[in-house]
Structures are given as C-alpha cells and as structure tokens.
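Trainee: First the structure, which I've put down as structure tokens, then a few questions once you've had a look.
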Amino acid sequence: MTKRVAILISGGGSNMVALARSMQGDHPARPVLVLSNDPEAGGLAKARALSIPTFAVDHRPFGKDRAAFEGALQSALGTARPDIICLAGFMRILTPDFTAGWDGRMLNIHPSLLPKYKGLHTHARALAAGDAEHGCTVHEVTAALDDGPILGQARIKVQPDDTPGTLAARLLPLEHQLYPAVLRRFASGDRTPVML
Ligand code: GRF
C-alpha cells in the first residue's frame, strides 16, 4: 500500500524537492501535501511546480497559542490523510501533544551529527568546538527537540577555512541524498539507519 507523505516546510524547501523527486517509480511512498507556516515560503511555489497540493497556515496570527496553530495544521493534514510527515526545514517547535499524535510517523532532518548540537546555529557551534567532522541527521520526531531515534546520518570533514556558510553549503547536497534514502527505507517499514 503506497504511503502518503506530507512535507512541512518554512523556507526554500530544497529538502522537500529532493524528497518529492525521489518518490516515484517503485518507491513505496508519494507526496500528498506540502504545508508551510509561512504563506510566502519559496518552497510552496516549487511544490506547485511539482504538482503537489500545497497549503499554508501562517503561524503569526496565532501568537503564543501553539495549540491553536497546531489545530489548524492538523486540519490541513486531516484533509490530506498522510501516513508519514517529513519536517524539512520546518522552523516551528511542535508541542508534545502534536508530536504524540504522530509518534513513530514523523521524521525531521537536522543539520548536525545528533546528539551533538540540538537546536539552532549548528554549523557555528561545530566550528567553535573545533570539530573535525560535521554532518546531518534524520531522526524520528519525539516530544524532546531534535532527540528521537536516529534513522540516518551523513558526515563531512571540516576544512580549516570553513565558515558556517561553507559548511551549510557543503552539507545541503548530502541532506538531499540522506533524507530520500531514509524515507524510502522508513516507508517500507525498515528502520535500519542509513549511514553516508
Ligand atoms: C537545511 O539546512 C535543513 O537541515 C534545515 O533547514 C535547512 C533549510 O532546508 N532543517 P530547506 O532548503 O528549506 O529544505
């Protein structure tokens, strides 16, 4: 049975594009919705160009009422009926109530070698720590931020002249390889981590 995948974005959506493009042929999943918290997110136009249904729930009118914002997300998701949610550059923190409702069915990509550097500014933190290696991680989303079971990682060597920008730029293409590889396995019921 083909798995239905909703992809949540906040910005350019390059990971969303990589995921969407991977879901064809004998892939066990198909994209059914691209959902953003920002109506101006560049990734929405990219999704439309890929003929994927889109929706936006602007988080700003909800202020600090995360539950109300997430209620609107759930309503959009209810229409699309996804089996799996992929967070891909989605920059809103989700409440434990929301994550509990998608337990075991929601993935995220984070630009660090978790469990190192949960949260923001991961590239700058890896450089400040003098790490020889950096990378990205796809993990199952749980109530704790950037903390769920790891489903895949990709590694890069840190160069002496690296900046947060050069690290991010070298890492992004690897994210575009890792996330689709993890989704394909996950959608087929295989949770064996992908290591690139
Ligand atoms: C990526 O670096 C990803 O690791 C992080 O958000 C950034 C932008 O992703 N979660 P995208 O181009 O919007 O997919």
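Trainee: Mind checking which residues of the range 97-137 are among the small types (Gly, Ala, Ser), crowded, with 20+ Cβ neighbours inside 10 Å and more than 12 Å from the ligand (Cβ to nearest atom)? It would help to see each step written out before you state the result.
Mentor: As a first pass, look at the range 97-137 and keep what is among the small types (Gly, Ala, Ser): 100-101, 104, 112, 119, 124, 126, 128-130, 132, 135.
Now restrict to residues that are crowded, with 20+ Cβ neighbours inside 10 Å: 112, 126, 135.
ALA126, the sole residue that qualifies.
Trainee: Inside the range 155-181, can you point out the residues that are hydrophobic (A, V, I, L, M, F, W, C), away from the ligand (no atom under 13 Å from the Cβ) and within 23 Å of CYS86 (Cα to Cα)? Even if it seems obvious, please write down each step before you answer.
Mentor: Let us first name the residues in the range 155-181 that are hydrophobic (A, V, I, L, M, F, W, C), namely 156, 158, 167-169, 171-172, 174, 178, 181.
After this cut, where a residue has to be away from the ligand (no atom under 13 Å from the Cβ) as well, the list is 158, 181.
ALA181, the sole residue that qualifies.
Trainee: Restricting to the range 117-128, name every residue that is assigned to a loop (DSSP other than H, G, I, E, B), at negative phi and in contact (Cβ under 8 Å) with a residue 12 or more places away in the chain. Write out each step before concluding.
Mentor: Pass one, the range 117-128, residues assigned to a loop (DSSP other than H, G, I, E, B): 117-121.
Still in the list and also at negative phi: 118, 120.
Matches in the range 117-128: LYS118 only.
Trainee: Taking the condition of being on the phi > 0 side of the Ramachandran plot and away from the ligand (no atom under 16 Å from the Cβ), how many residues in the range 53-92 meet it?
Mentor: Pass one, the range 53-92, residues on the phi > 0 side of the Ramachandran plot: 63, 81, 89.
If we keep only those that are away from the ligand (no atom under 16 Å from the Cβ) as well, we get 63, 81.
Number of matching residues: 2.
Residue by residue, here is whether (1) of a type outside the set (D, E, K, R); (2) over 25 Å from GLY152 (Cα atoms); (3) crowded, with 20+ Cβ neighbours inside 10 Å holds:
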position: LEU8; (1), (2), (3): yes, no, yes
position: SER14; (1), (2), (3): yes, no, no
position: PRO31; (1), (2), (3): yes, no, yes
position: PHE62; (1), (2), (3): yes, yes, no
position: GLN74; (1), (2), (3): yes, yes, no
position: ALA80; (1), (2), (3): yes, yes, no
position: ILE85; (1), (2), (3): yes, no, yes
position: THR95; (1), (2), (3): yes, no, no
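Trainee: Among the residues that make up the range 29-51, is at least one of them within 17 Å of ARG185 (Cβ to Cβ), at pLDDT 95 or above and away from the ligand (no atom under 15 Å from the Cβ)?
Mentor: Taking every residue of the range 29-51 in turn, at least one turns out to be within 17 Å of ARG185 (Cβ to Cβ), at pLDDT 95 or above and away from the ligand (no atom under 15 Å from the Cβ).
Trainee: Take LEU114 and decide whether it is closer than 25 Å to TRP102 by Cβ, free of Cβ contacts under 8 Å to residues at least 60 places away in the same chain and not polar (S, T, N, Q). Even if it seems obvious, please write down each step before you answer.
Mentor: Numbers: closer than 25 Å to TRP102 by Cβ: yes; free of Cβ contacts under 8 Å to residues at least 60 places away in the same chain: yes; not polar (S, T, N, Q): yes.
So LEU114 fits the description; yes.
Trainee: If we scan the range 108-116, do we find a residue that is at pLDDT below 95 and either within 21 Å of ALA20 (Cα to Cα) or touching a Gly at 6+ places or on another chain (Cβ under 7 Å) (or both)?
Mentor: In the first step, residues of the range 108-116 are kept if they are at pLDDT below 95; the result is none.
Within the range 108-116, not a single residue is at pLDDT below 95 and either within 21 Å of ALA20 (Cα to Cα) or touching a Gly at 6+ places or on another chain (Cβ under 7 Å) (or both).
Trainee: I need the full set of residues from the range 131-158 which are in a strand (DSSP E or B), of a type in the set (Asp, Glu) and within 17 Å of the chain's Cα centre (by Cα), in order please. First the steps, then the outcome.
Mentor: Taking the range 131-158 and keeping what is in a strand (DSSP E or B), we get 133-140, 150-157.
Keeping just the survivors that are of a type in the set (Asp, Glu) gives 133, 140.
The answer is GLU140, and nothing else.
Trainee: Quick check, is ALA6 among the small types (Gly, Ala, Ser), more than 11 Å from the ligand (Cβ to nearest atom) and within 15 Å of the chain's Cα centre (by Cα)? Give the derivation first.
Mentor: Working: among the small types (Gly, Ala, Ser): yes; more than 11 Å from the ligand (Cβ to nearest atom): yes; within 15 Å of the chain's Cα centre (by Cα): yes.
Yes.
Trainee: If only one of ALA154, ALA168, ALA144, ALA187 is among the aliphatic types (A, V, I, L, M), over 16 Å from ALA132 (Cα atoms) and surrounded by 15 or more Cβ atoms within 10 Å (Cβ to Cβ), which one is it?
Mentor: On the way: ALA154 fails: over 16 Å from ALA132 (Cα atoms); ALA168 fails: over 16 Å from ALA132 (Cα atoms); ALA144 fails: surrounded by 15 or more Cβ atoms within 10 Å (Cβ to Cβ).
So the residue among ALA154, ALA168, ALA144, ALA187 that is among the aliphatic types (A, V, I, L, M), over 16 Å from ALA132 (Cα atoms) and surrounded by 15 or more Cβ atoms within 10 Å (Cβ to Cβ) is ALA187.
The values are calculated or read from the model by the stated rules, or taken from the named source; none is laboratory data. Since the model is a prediction, treat every value here as computed from it, not as a measurement. All Cβ positions, even for glycine, are placed from backbone atoms using ideal geometry, and neighbour counts span all protein chains on display.
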